[in-house]
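The values are calculated or read from the model by the stated rules, or taken from the named source; none is laboratory data. Treat the numbers as computed from the prediction; the structure is a model and nothing was measured. A quick note on method: Cβ atoms are made from the backbone with ideal geometry, for glycine too, and the neighbour counts reach across all protein chains shown. Ligands, DNA and RNA are stripped out before the accessible areas are found, and what is left, the full protein with its side chains, is counted by its heavy atoms. Shrake-Rupley method; radii C 1.70, N 1.55, O 1.52, S 1.80 Å.
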Amino acid sequence: MKPAPFDYVRPSSVAEACRILDEAGGGATVIAGGQTLMPLLNLRMSQPFILVDINGIAALKGVARVEGGIRVGPATRQADALRDETLARHLPAFTRALGHVGHHQTRNRGTIGGSIALGEPAAEMPATAVALGASIEIASVRGTRQVPADAFYVGPYMTVLEPDELVTGIVYPDWPQGHLVLFREVAQRPGDFALVGLVGALALEGGAISRAGIAWFGMGPTPVRARQAEAALLGAERARIDPHAIARAAVADTAPFDDHHASAEYRRTVGQRVFARALSETLDLRSAA
Amino acid sequence: MSEHRIELTVNGNRHIARVEARTSLGEFLRDTLGYTGTHLACEHGVCGACTVMVDGDAMRSCLTLAVQADGAAVTTVEGLAQADGTLHPVQQALRDNFGLQCGFCTPGVAITMAAVTRDNEGADSGAMEEGLTQAMSGHICRCTGYQGIRRAIRQLAGVSA
Ligand SMILES: Cc1cc2nc3c(=O)[nH]c(=O)nc-3n(C[C@@H](O)[C@H](O)[C@H](O)COP(=O)(O)OP(=O)(O)OC[C@H]3O[C@@H](n4cnc5c(N)ncnc54)[C@H](O)[C@@H]3O)c2cc1C
Ligand code: FES
Ligand code: FES
């Protein structure tokens, strides 16, 4: 046995889970899919006194249409969300990005909420939530709150979640029918974390961009919203868009770092190229690099 | 440190046991129940050697706790062949194509292949080959026997080599 000893509880309601988290006073850790937490336990980088397994809480599972959007339960398995037709039809960017999260075997157990709550800077799901304008539903014994995804992430693996709080839903707003998906990921092998990635959605009205939501992953301490690129795209006529100029604006918002996989300089250079290429392809522009 | 009574089936056999909460499913299968066909190596979810089916889905037994498998139906590599020794088609394909060398990664590879071929039953051979190939990203073969594994995949998909 590699992990340090802990108690294990499997509550069957959100209220019960919140009560346990409250009573533990910071000594409890939530386990969802365990695809990140179990390695941390095995390495003893995480040593909770109590493990709170949320897989028995039916209210935290499943995908549902709600007023103005789609709500994904945090304990929904990544593999189930990947097969979900509502998500594929209405939020194709979500489905596209999710296919790059880990492997067949890890998606069979890993959850959407686990990936959202972890806040790994190179992960696809946090950036997708930021790009699409999702909001995170949070509960504790103190009450409930909703936090926009781009205010949820504060640093690498750091979110606004308090130790007694549980993510209870991720709500993605509706995007116009027929909107376009922007997606590119550069990784060493399929299933690996991205060195550089971008995800987004673009809506067109009368030949011009009417709505844009784009975020980078692996390009800073948190998912990074490409605000300058979004602003430059809004209202622009499709045919007159210069993908290279927009890509430069997109990279200007990033703050990548050096690690043993790639340098910050590499990430910026590759990021700018793949952004321009993805945008050209998505908008069917001729001048693709 | 809590202990739990769990009840589960492994390859159709019923088992009841007490486990310490921190015991992984992989350890429990090997050390408590003796299903040593399941191999543990990295215990980080990276290598895939420990892959078993839990309620039909291929997943890492090093990243699941035994207590979380309470009530589940688990399939390990020992459960793939028929009782009379007839190999499962994925085992036969691996054997026919030298898809294993030392065999350390093979139990996990075979489990994933069995789950994916079942999920793609009736699919055309292109989709079958693609599904199997994609799922192999979750396995590392330290003998680097990937060509043999790919040949086995093509045989299973009915694609001529
Ligand atoms: C080999 C391998 C490759 C991978 N590749 C990728 C990849 O390419 N991209 C990627 O994004 N991920 C990748 N992952 C990680 C991914 O598989 C995990 O599923 C994900 O990071 C965490 O989800 P989980 O459900 O497993 O969460 P867990 O591991 O159970 O939990 C992760 C963290 O979130 C907290 N948490 C979980 N649910 C909640 C909740 N509802 N409320 C509050 N806190 C919560 C936990 O306490 C823990 O701190 C990979 C993992 C492995 C093993
Ligand atoms: S031992 Fe489980 S993936 Fe390596
Ligand atoms: S056959 Fe030796 S590790 Fe794959």
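A few notes on this one:
- Within the stretch A:55-77, restricting attention to residues that are open to solvent by less than 10 Å² (accessible area, probe 1.4 Å) and aliphatic (A, V, I, L, M), the residue that is nearest to ligand 2 (Cβ to nearest atom) is A:Ala75.
- In the stretch B:62-100, the qualifying residues are those that are open to solvent by 10 Å² or more (accessible area, probe 1.4 Å) and among the polar types (S, T, N, Q), and the one that is farthest from A:Tyr8 (Cα to Cα) is B:Asn97.
- Scanning the stretch A:184-213 for residues that are open to solvent by less than 10 Å² (accessible area, probe 1.4 Å) and within 15 Å of the chain's Cα centre (by Cα) yields A:Ala194, A:Val196, A:Gly197, A:Leu198, A:Val199, A:Gly200, A:Ala201, A:Gly213.
- Unique residue being closer than 28 Å to A:Met1 by Cα, touching a residue at least 60 places away in the same chain (Cβ under 8 Å), surrounded by fewer than 23 Cβ atoms within 10 Å (Cβ to Cβ) and not assigned by TED's automatic domain parsing to the domain that holds B:Arg14 when the list is B:Ile140, B:Ile111: B:Ile140
- Near pairs, Cβ below 9 angstrom, 6+ apart or cross-chain, from the stretch B:55-68 (near ligand 1 (Cβ under 10 Å from one of its atoms)) to any residue that is hydrophobic (A, V, I, L, M, F, W, C) and assigned to a strand (DSSP E or B): B:Arg60/B:Val52
- Scope the stretch A:96-115; condition more than 14 Å from chain B (Cβ to nearest Cβ) and either surrounded by 24 or more Cβ atoms within 10 Å (Cβ to Cβ) or in a loop (DSSP other than H, G, I, E, B) (or both); matching residues: A:Ala97, A:Ile112, A:Gly113
- Selection status of A:Leu161, within 16 Å of A:Met125 (Cβ to Cβ) and free of Cβ contacts under 8 Å to residues at least 60 places away in the same chain: yes
- Leading residue by the ranking (most open to solvent (accessible area, probe 1.4 Å)) among those in the stretch B:44-61 that are away from ligand 3 (no atom under 16 Å from the Cβ) and in a loop (DSSP other than H, G, I, E, B): B:Asp55
- Looking across the stretch B:1-23, the residues that are surrounded by 15 or more Cβ atoms within 10 Å (Cβ to Cβ) and within 14 Å of chain A (Cβ to nearest Cβ) come down to B:Ser2, B:His4, B:Ile6, B:Val19, B:Glu20, B:Ala21, B:Arg22, B:Thr23.
- Number of residues in the stretch A:9-30 that are surrounded by 22 or more Cβ atoms within 10 Å (Cβ to Cβ) and within 16 Å of B:Gln68 (Cα to Cα) equals 1.
- From the list B:Ala114, B:Ala81, B:Ala123, the one residue that fits, being at pLDDT below 95 and more than 22 Å from A:Arg189 (Cβ to Cβ), is B:Ala123.
- When the stretch B:26-36 is limited to residues that are buried (at least 20 other Cβ atoms within 10 Å of the Cβ) and within 14 Å of the chain's Cα centre (by Cα), the one that is nearest to the other protein chains (Cβ to nearest Cβ) turns out to be B:Gly26.
- The helices (runs of 4 or more DSSP H) found entirely in the stretch A:5-95 that carry 1 or more residues being more than 30 Å from A:Gly200 (Cβ to Cβ) are A:14-24, A:37-42.
- Where A:Asp174 falls short, out of the listed (1) open to solvent by less than 40 Å² (accessible area, probe 1.4 Å); (2) in contact (Cβ under 8 Å) with a residue 40 or more places away in the chain: (1)
- A:Ala129 vs. criteria more than 18 Å from A:Ala17 (Cβ to Cβ), crowded, with 18+ Cβ neighbours inside 10 Å, more than 14 Å from every other protein chain (Cβ to nearest Cβ) and more than 16 Å from ligand 3 (Cβ to nearest atom): yes
- Single condition B:Gln92 does not satisfy, out of (1) more than 16 Å from ligand 1 (Cβ to nearest atom); (2) assigned to a helix (DSSP H, G or I); (3) farther than 24 Å from B:Arg151 by Cβ; (4) of a type in the set (S, T, N, Q): (3)
- Scanning the stretch A:144-198 for residues that are within 16 Å of ligand 2 (Cβ to nearest atom) and either over 18 Å from A:Gly99 (Cβ atoms) or touching a Leu at 6+ places or on another chain (Cβ under 7 Å) (or both) yields nothing.
- Of everything in the stretch A:258-289 that is modelled with pLDDT of 95 or more and open to solvent by 60 Å² or more (accessible area, probe 1.4 Å), the residue that is farthest from A:Glu205 (Cα to Cα) is A:Asp258.
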